[in-house]
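The structure appears below as structure tokens.
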Amino acid sequence: MHISYSAAALVLIPLCQGTPQVQLGGSTIVGTQNTGQTEFFGGIPYAEPPTSQLRFAAPVLKAEPGVANLDASKYGVSCPQTNPNEDCLTINVLRPVGISAGANLPVMVWIYGGGFQAGDASQYDGTGFAIAGINRGTPIVYVNFNYRLGVLGFPQGQEATSRGALNLGLKDMLVALQWVTLFGQSAGSVALADLFLNSNLESLARAAIFESGAQSTLPVFPGQRRDRDWQNLVAAVPECSGASVNDSFDCLRQASVSTILNAQGSASGQAGEQFPWSPVIDGSGGVIPDLPSKLLAAGTFSRIPFISGSNLDEGTQFVSTSLSSDDQLLQFLVNFIDPAESGSTPSAVQSAANGLMQLYPNDPAQGSPYGTGSNTFGLGSEYKRAAAIAGDIWFHSIRRAWDQAASGQGVKAFAYLFADPQAVSNPAQGVAHGSELGYVFGQPGTDPAKTLSSVMKDYWISFATSLDPNDGKGNARPPWPQYTPSNQVVMQLQGSNTTTIPDTYRVQQIGYINSQPATFNH
């Protein structure tokens, strides 16, 4: 989640009372008053449609819509997943009623998750955030946008590398930030963390909030490494039947979006990993110039303040529920650590997997979902063990390494662990990945979860407006200490037991993972 004071959305000039209208360049943008307190402007293009020769190309900033009148009463279409419309690079703005030019309100910009394969800005209505800001006397502007996904946003392989066509979805985000500014969960949080590495983010935003994701939550490989996946994609596109290896962009630009989406499904099924279309290392001058752990160790990252956190049972959604033997778990871990052709030596991956099995005992009471004792929910006997390991590899270890590295460089950081039992919808998954979203964007109906939701909004908005979650406005809430080298603590967000705890849970296991980041492609 990114927060900034400078944004095109804040200089839109109101034209009249009633139906909200604003002037942006030569265009009149007509929105809607969706509540008595907020106004909505949706589907505003921030980049040229990435079609024809702009497919598989970097986004081109569109400073104004280019039409006399733009109906902005609805969200724009999502970027292609099942729908074939590529004219999807649009942005949405929700603001308090009566805002004047020059009001200089903080902007909170949401980046949705979905593994870089799925997602839609329209799923994340920020009205609750905007109204909470108004009611606590610290109004904010809420923004979200769509970015390219799957193969259209994250081409892989040698050809995309040689053509400089990697990480297009991340580049969409940077262009959207030039138009306005940022905030994110899961893949959105990963993307936001990626942008910290080499994108001059300080010029676009002044702070960030990471919900369940950091720079290498998904393993980060060199751009050419998934070349086999890209070749499988091209082979599944009839228009490319005669294309030469590493010369497929022209035929792919002539293919229909539906054909490409079908080919993506076919290639994904052969990929051997859950998220094959994701950010990659794109070298010097790129968005991710090197392995994130190397950049963190070198201090090569943006110095803007941030909040980062994870949910208690992050790994439960990402592992097989049928694992039932040591051999099955070992094979799962080898593939989980390094799913493509191995970038580190196979012996290093095998050694790491063996080490994890020693550190995470075959005891369901110590597995994830945590706090559920010896209950295995009728699933494989190794499921909870695998879920604990997966959650630490992809989420908890990286969050801790990020907080330690940034705070060690003097960056203002705050950490959290979301662990509210009322967020559990499936007992076998526990406080799972994404379960905090109902608290951030909605509000549970009963206490103490209802109060926790309001408190979380206060923490988030307070940070947006003052760079500190402790502004004293809104609901009474525990002070949230800053994460520092001498005070490594996290805020446990848990119903009536929201409190500060030491950042020492599973210290030996997470320390083992963080001691060899290259092996884990961190």
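Only the coordinates and a few stated rules stand behind these numbers; no lab work does. Remember, predicted model here, so these are calculated numbers, not experimental data. Here Cβ is always computed from backbone atoms with ideal geometry, including for glycine, and neighbour counts include all displayed protein chains.
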Could you give the Stokes-Einstein D for region 143-278 in µm² per second, using the C-alpha Kirkwood radius, 4 °C, 1.567 mPa s? 82 µm²/s
Stretched out fully, how many nm does the piece from residue 270 to residue 64 gain, at 0.36 nm a residue minus the Cα gap? 70.0 nm
Under 5 Å between amide H atoms, partner at least 5 residues away or on a different chain: which partners does residue 489 have, H built in plane at 1.01 Å? 484, 503
For every helix of n ≥ 4 consecutive DSSP H residues, a contribution of -39,500 (n - 2.57) applies; sum these over the chain, divide by its total residues, and give [θ] at 222 nm rounded to the nearest 500 deg cm²/dmol. -8500 deg cm²/dmol
Given a Förster distance of 41 Å, the FRET efficiency implied by the Cβ-Cβ spacing of residue 83 and residue 486, rounded to the nearest 0.05, works out to 0.20
Among the DSSP beta bridges whose two residues both lie in region 308-514, what percent are antiparallel, rounded to the nearest 5? 45 percent
Any idea which of 192, 23, 418 is furthest toward the positive side of the dipole for the chain, if Lys and Arg beta-carbons carry +1 and Asp and Glu beta-carbons -1? 23
In whole Hz, what ³J(HN,Hα) sequence does region 290-299 give by Karplus (6.51, -1.76, 1.60; θ = phi - 60°), x for Gly and Pro? 7, 4, x, 4, 5, 5, 5, 5, 7, x
Whole Å is fine, so just give me how far the alpha carbon centre of region 429-479 lies from that of region 283-359. 29 Å
Estimated dipole of region 436-506 in Debye, rounded to 20 [Cβ of Lys and Arg +1, of Asp and Glu -1, Cα centre]: 80 debye
Charges at C-beta only: +1 for Lys and Arg, -1 for Asp and Glu. How large is the resulting dipole of the chain about its Cα centre, in Debye rounded to 20? 860 debye
Tell me, in nm to one decimal, what length is gained between residue 284 and residue 335 on full extension, where the rule is 0.36 nm per residue of separation less the Cα-Cα distance? 15.5 nm
Volume per residue, Å³, of the convex hull around the alpha-carbon atoms of the chain? 137 Å³
Give or take rounding to whole Å, what are the principal axis extents of the alpha carbon atoms in region 100-181, in descending order? 52, 26, 13
Computed over the chain: relative contact order in percent, which uses C-alpha pairs under 8 Å that are six or more apart: 14 percent
Rounded to the nearest 0.05, FRET efficiency between residue 103 and residue 450 (Cβ-Cβ, R0 35 Å) equals 0.70
Would you mind checking region 57-75 for residues with the amide N under 20 Å from a putative spin-label position 7 Å along Cα→C-beta of residue 30? 64-75
Normalised by the residues of region 308-514, what does the relative contact order come to in percent, with Cα pairs under 8 Å and at least six apart? 25 percent
Placing +1 at every Lys and Arg Cβ and -1 at every Asp and Glu Cβ, with all other atoms neutral, what dipole size does region 2-304 have around its Cα centre, in debye to the nearest 20? 480 debye
Residue separation times 0.36 nm, minus the C-alpha to C-alpha distance between residue 19 and residue 518: what's the value? 174.2 nm
Residues with beta-carbon under 14 Å from that of residue 462, excluding residue 462: net charge, scoring Lys, Arg +1 and Asp, Glu -1? +2
In Å and on Cα atoms, what radius of gyration and Dmax does region 2-304 show? 19.4, 63
Got the relative contact order for region 390-436 handy, in percent, Cα pairs under 8 Å and 6 or more residues apart? 21 percent
For region 271-279, just list the computed ³J(HN,Hα) in residue order, Karplus coefficients 6.51, -1.76 and 1.60, θ = phi - 60°, integers in Hz, with x standing in for Gly and Pro. 6, x, 8, 6, 10, x, 10, 8, x
Toward the positive end of the charge dipole of region 308-514, about the Cα centre and with charges on Cβ (Lys, Arg +1; Asp, Glu -1), which of 485, 379, 351 goes farthest? 485
One-quarter of the Cα convex hull surface for region 63-146, in nm²? 6.9 nm²
For q = 0.10 Å⁻¹, what log10 I(q)/I(0) does region 308-514 give under the Debye formula with an equal point scatterer on each alpha carbon and no solvent? -0.47
Just for the chain, what percent of DSSP beta bridges are antiparallel, to the closest 5? 55 percent
